[in-house]
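Okay, so here's the structure we're looking at.
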Amino acid sequence: MSDVNVMKPMPHTETGAGVYNEKLGIWVFLGSEIMFFTALIGSYIILRVGNPGAWPAVGPREVLNIPITAGNTFLLICSSVSMVKAFAAIAAGDQRGLRLWLIVTVVMGASFVGVQAYEYSQLVHHGFVPSGGIFPSTFYTMTGFHGFHVTVGVICMVFVTWKAFRGKYTAQDYRGVEVIGLYWHFVDLVWIILFTIVYLI
Amino acid sequence: MEDTHNHPNYVMVWFALAVMTAVEVGITFLSWSKTALILVLVGLAIWKALLVALYFMHLRFESRPLRILAVAPIPLAFILVLAVITEFRW
Amino acid sequence: MASIAAPVEHATHGHDPSFVRKYIFSTDHKIIGIQFLLMSLLFLLLGGLLAMVIRWQQGFPGQPMPGGGAFPETMISDGIVLPEFYNSLVTMHGTFMVFFAIMPLLVGVFGNYLIPLKIGAPDMAFPRLNMASFWLAVPAGFLMLAGFWVEGGHAAAGWTAYAPLSADPEWTGVSLGQQFWCVSLIVLGLSSILGATNYITTVINMRTQGMTWFRMPLSIWALFITAILVLLAMPILSGALIMLLFDQTLGTTFFLPGDGLPILWQHLFWFFGHPEVYILILPAMGFVSDIIANGSRKPIFGYHSMVFALIGIAFLGWIVWGHHMFQSGMNPTLGMTFMISTMVISVPSAIKVFNWLGTIWGGSVKFTVPMLNACAFVAMFIIGGLSGVFMASTPVDIYIHDTYFIVAHLHYVLFGGSLFAIFGAITFWYPKMFGRMMNPFWGKVHFWLTFIFYNLTFFPMHQLGLEGHMRRIYDAGRYDFLAGTSGLNVLISVSAFILFSVQIIFVINFIVSWFKGQRAPDNPWDDTGLEWTTPSPPPHGNWATAPTVHSAPYEFSVPGMEADFLMQDQQRERQPAAPSGGSIEGGAS
């Protein structure tokens, strides 16, 4: 790297946000992700308000497994903590801490997807399939696309972890860790909302 | 910007998130009215989301332009959902 | 992570990139812009060809079309366009023009080409992501083309794909084609969103020293604001398309009657669709501002209000979508709110029109080819905008919705507006892109012939619409009350055929000039933007050292100056007791 401080924006530029390109870029991209999940979650709210009879009277918990998914929610929250611990580690120059916490995050993230796959298989086994009406239609689409985003996140996280093991991040330049961290927290944030709206209400 | 800033107590935030999740699940099994249930659950969900955004995503320590950028799409979400709901509820 | 590599480092790598790395899988924003240009012009041509078949059917229904034998029997039988194919024709004409021609021409081409050059940056914030954007658009394009060859034919539910027609194959008889349509647009949406991320980050973070927000040219303001619209609107379409695709393939019921809500599709589509049409006009407005200031040798009138008008249009554009749905059976009170917001949005648009006129007024006008096209934009946009006021009024729209009045309106803003701006912008920036000038004589011939036959084609459509001629119908002759429209339809069709043929002039001018055009100097138009401070075409990295900006964007005919323009990287010399004025910043910078 040149003598430019890579955590700051380019020198000799007029910057609006005061952060380096990659960080600004991921926040901008997350703006589009908010809108994507708005389309799905917003449609869910509209569809349910418009047709409440299509959902079980007692609520989704009649069909969905709350204990397992509550546990899964907790797992994802923990993975967010491990992610931010990894970030804090490299910000302080702790390479070992970075690698350890990244691995924990990858394992927990992959487990989340695994549990969700198991949940799906159980639901399908009990006849709860996408073509079964508007309740399963919305359920599978929303949780499925969230799961897809988690999977993409896990893949990127593996890549970042691999780079971490090769010593590519330092206390002066840990952009990749911060960027994947922001994406990961966002995915967790969406799940927090999804879990409440789709499973509990 | 990132080089030196005080890291918040991530463990405290984690604990708060865990407790709120448990409370949410617990509430679901009580026999409250639908309205009360929705209000409390959505409120808790928003609070949890804010904790993640402010502390894990460090928005609490970022510049004002970045914070505005982060929340800018949210009014659009409200506009879409509220407007379309008027098709069915007035 | 090449975002902060100094431009000079690339040049001293010591190895020449291969042809493939330089021109096919390039990360250079200029090459990517030209790639988008070639791709979009091809789709523009294809969209135009589809329009020719549409106009044959409308003008001469029942008569065998010349060249009809080239089409498969499932589409055109004995030279007669089949009704099912006609539905695909109108669908695909709209789809290709909106998504694969106009949008990439405005945003993919000029967003890519101009943003780094006009803000003084060596390239985009994320050059490899930029390359990915283009190479995502290409398979999307192939997929959209492939739909013509699948069983059942291409998508046929209109470019707006209303459900449940689009969601259940039972009703359109088209299943695979409609699915291809959805998948293609999902992929293209990702390409656009990644591109928008790039443009926004670049404009916020990579403006060179001195290029403050209010020294940015209006073309860049427009592209920046458009990128924000793309970023936030396209994902809504992506979500809706996914739900539609699942209805088509997985048996979900999002938009099907029963426990789904068909009108939800319309709300989602137009929540995206209205910002989309501003995406299709705002960059054009930006280019027109640059070109008109240049052609009038005057600063843009009301630069700040132009910026705020762009922002105002973008803001308001989010709350007008229901005006596409007045006839849908939507909640009438909700409809009223949309009528009001739609009327209001005409205000910032009108401000822009008056500012363009104010710029030309009193200027030393040079009617170069770009200037002619830009002036045509203003005139045609006025007409298109005025027809919009009629449509904004719900009681009037109930009568003219889904008639040719709407078709007239949309073509006035998209062709009369955006496409003329595109012709002007291509001509204006062609020298920078290719190092050669387009032939001005043929440029003027192309302009005048296009202008005349364009108006002959589309103006009569207002009348057709008022007479009740619905859009997307196969044969007006089947309706007694439309018996009198055949004359107008013939006029329109013949004008359209000539209009399309005339475009060959532009195509030949474009291709021949590339090889034989007069070599272009750095600044052939005596313009003030930063892109003209670098050679035509610019080297990789654009400048050896980043320029520093000292002046406002439209310093033409500055009082007290000898030259009739001041480039943005130049400083005006201190004048002894000179009257201020002329400069946007009100004095020497």
Dimensions of the range C:267-360 along principal axes (Cα, Å, largest first)?
51, 20, 18
Label-point separation in nm, C:TRP213 to A:VAL152, each point 7 Å along Cα→Cβ:
3.0 nm
The range C:227-371, relative contact order [Cα under 8 Å, separation at least 6], %
27 percent
Debye log10 I(q)/I(0) for the range A:135-195, one point scatterer per Cα, at q = 0.22 Å⁻¹:
-0.86
Could you tell me how many degrees, from 0 to 90 and to the nearest 10, lie between the Cα long axis of helix C:218-249 and the main elongation axis, the longest principal axis, of the Cα atoms of chain C?
30 degrees
Tell me which lysines have Cα within less than 18 Å of C:LYS118's Cα, excluding those fewer than 8 residues away on the same chain?
C:LYS30, C:LYS432
Aspartates and glutamates whose Cα lies under 20 Å from that of C:LYS366, excluding same-chain neighbours fewer than 8 positions away:
C:ASP290, C:ASP522, C:ASP526, C:ASP527, C:GLU555, C:GLU562, C:ASP564
Run down the aspartates and glutamates and flag those whose C-alpha is under 16 Å from the C-alpha of A:LYS85, throwing out any fewer than 8 positions away in its chain.
A:ASP94, A:GLU178, A:ASP188, B:GLU2, B:ASP3
Restricting to Cα pairs below 8 Å that are 6+ residues apart, what does the relative contact order work out to for the range C:283-518? Please round to a whole percent.
22 percent
How are the alpha carbon pair distances in the protein assembly as shown distributed across 10 Å bins from zero to the largest one, expressed in percent?
2, 12, 21, 24, 20, 13, 6, 1, 0
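I need the calculated FRET efficiency for the pair C:PHE481 and B:ILE38, taking r as the beta carbon distance and R₀ as 35 Å, to the nearest 0.05.
Numbers: r = 52 Å, r/R0 = 1.48.
In this case the efficiency is close to 0.10.
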Please determine, in degrees from 0 to 90 and to the nearest 10, the orientation of helix A:66-91 with respect to the longest principal axis defined by the Cα atoms of chain A, where the helix direction is its Cα long axis.
10 degrees
In whole µm²/s, the translational diffusion coefficient that Stokes-Einstein assigns to the range C:22-280, given a Kirkwood hydrodynamic radius over C-alpha pairs, 37 °C and 0.692 mPa s, equals 170 µm²/s
Helix-only [θ] at 222 nm, the protein assembly as shown, -39500 (n - 2.57) per DSSP H run of 4+, per residue, nearest 500, equals -20500 deg cm²/dmol
Sites C:TRP149 and C:THR545 - FRET efficiency at Förster radius 60 Å, r taken between beta-carbons, to 0.05
0.70
In the structure shown, of C:LYS352/C:LYS516; A:LYS23/B:LYS34; A:LYS168/C:LYS22; C:LYS22/C:LYS516; C:LYS22/C:LYS444, the pairs separated by more than 32 angstrom at the C-alpha atoms are C:LYS352/C:LYS516; A:LYS23/B:LYS34; C:LYS22/C:LYS444
Taking the Cα atoms only, what angle lies between the long axis of helix C:486-516 and the longest principal axis of chain C, rounded to 10 degrees?
40 degrees
Rounding to the nearest 20 debye, state how big the charge dipole of the protein assembly as shown is about its Cα centre with +1 on each Lys and Arg Cβ and -1 on each Asp and Glu Cβ.
1080 debye
Using the Cα atoms of the range C:283-518 to build a convex hull, what is its mean projected area in square nanometres?
14.2 nm²
10 Å Cβ neighbours from other chains, averaged over peptide B:70-78
6
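Taking the Cα centre as origin and putting +1 on Lys and Arg beta-carbons and -1 on Asp and Glu beta-carbons, what dipole magnitude results for the range A:21-200, to the nearest 20 debye?
360 debye
Quick one: compute the contact order of the range C:224-282, relative version, from alpha carbon pairs under 8 angstrom and 6+ residues apart, as a percent. Display every interim value, and only then the final one.
On the way: 47 pairs, mean separation 26.6, N = 59.
RCO, the range C:224-282: 45 percent.
Could you list C:MET92, C:MET39 so that the one with the fewest beta carbons within 10 Å of its beta carbon is first and the one with the most is last? Spell out each step's value before the answer.
Working: C:MET92 26, C:MET39 20.
The order, fewest Cβ neighbours first, is C:MET39, C:MET92.
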Bounding extents of chain C in its principal axis frame from Cα atoms, largest first in Å, are 77, 53, 49
Inter-chain Cβ neighbour average for residues A:134-144, partner chain, 10 Å
4
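None of the figures in this text is laboratory data; all of them are computed from the coordinates on show. Everything numeric here is computed off the predicted structure, so don't read it as measured data. Because the Cβ atoms are built from the backbone with ideal geometry, glycine has one as well, and the counts that use them run over all protein chains shown.
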